[in-house]
């Protein structure tokens, strides 16, 4: 793949999920996203309306996390939170699975949870955060298979709040599991252009990062084509 500046920018979900993020912080996130033509801005539910209004007229999508960051809220809560985010202007939902349920091998429940969210938001893209740092390889594969069966469009590595973020080995395993037609989003600890390229080469087609500006500026320094 020819990794031009614009192509990588469109893969970036520029993110601010900090608990102390202010409205001014989120507005800056949106201004930068429009300036660099990022694929999406990813925020907590309380900021979706603000972001949706701020991004009117741009190509930048509004992404909202739900069940975040632990994945331990009830199925009904995740469904409501996701529908509410869409009603406030979200174009994409990044939902966290119930990690304990997966580790308990309650696969039917995990699938039901994802499918309920997918069905609730209709055509809106759902990315399933499997929080890969807590899973062994068998569990990683199973989580990806379940997300695919439930109709999600992406699997995502991490919340960024766990003890470890994305690795190229995990992204490669996820891509191998879901095949070429489902999205893989790498997130957590991706701060430089070298980090981003490593994840893309491993199979990611979306990058979740709070360092989007630094990544694109790094591309400029390497003089990649626009």
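The values are calculated or read from the model by the stated rules, or taken from the named source; none is laboratory data. Just so it is clear, the model here is predicted, and its values are computed rather than measured. With ideal geometry, Cβ positions are generated from the backbone for all residues, glycine too; neighbour counts draw on all protein chains shown.
Quick notes on this structure:
- The C-beta contact set for region 144-171 (first residue free of Cβ contacts under 8 Å to residues at least 24 places away in the same chain and on the phi < 0 side of the Ramachandran plot, second residue crowded, with 17+ Cβ neighbours inside 10 Å and in a helix (DSSP H, G or I), distance under 6 angstrom, 6+ apart or interchain) is empty.
- Yes/no for residue 190 being closer than 26 Å to residue 34 by Cβ and touching a residue at least 40 places away in the same chain (Cβ under 8 Å): no
- Subset of region 123-139 that is out of contact with any helix residue (DSSP H, G or I) (no Cβ under 8 Å at 6 or more places or on another chain), outside any helix (DSSP H, G or I) and in contact (Cβ under 8 Å) with a residue 12 or more places away in the chain - its residue that is surrounded by the fewest Cβ atoms within 10 Å (Cβ to Cβ): 125
- Residues of region 204-224 satisfying the condition of being surrounded by fewer than 20 Cβ atoms within 10 Å (Cβ to Cβ) and outside any helix (DSSP H, G or I): 205, 210, 222, 223, 224
- Restricting region 75-122 to residues that are assigned to a loop (DSSP other than H, G, I, E, B) and touching a strand residue (DSSP E or B) at 6+ places or on another chain (Cβ under 7 Å), the residue that is surrounded by the most Cβ atoms within 10 Å (Cβ to Cβ) is 90.
- Some residue of region 166-180 being crowded, with 23+ Cβ neighbours inside 10 Å, under 13 Å from the mean Cα position of the chain (by Cα), modelled with pLDDT under 95 and outside any helix (DSSP H, G or I): yes
- Any chance residue 29 is over 23 Å from residue 70 (Cα atoms) and without any contact (Cβ under 8 Å) to a residue 40 or more places away in the chain: yes
- Candidate set: region 184-194, residues that are surrounded by fewer than 20 Cβ atoms within 10 Å (Cβ to Cβ) and either on the phi < 0 side of the Ramachandran plot or in a strand (DSSP E or B) (or both); chosen: the one farthest from the chain's Cα centre (by Cα): 194
This table checks each residue for (1) at pLDDT 95 or above; (2) touching a helix residue (DSSP H, G or I) at 6+ places or on another chain (Cβ under 8 Å); (3) more than 22 Å from residue 200 (Cβ to Cβ).
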residue	(1), (2), (3)
9	yes, yes, no
77	yes, no, yes
87	yes, no, yes
94	yes, no, no
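- Members of region 141-165 that are surrounded by fewer than 22 Cβ atoms within 10 Å (Cβ to Cβ), touching a strand residue (DSSP E or B) at 6+ places or on another chain (Cβ under 9 Å) and over 24 Å from residue 210 (Cβ atoms): 148, 150, 151
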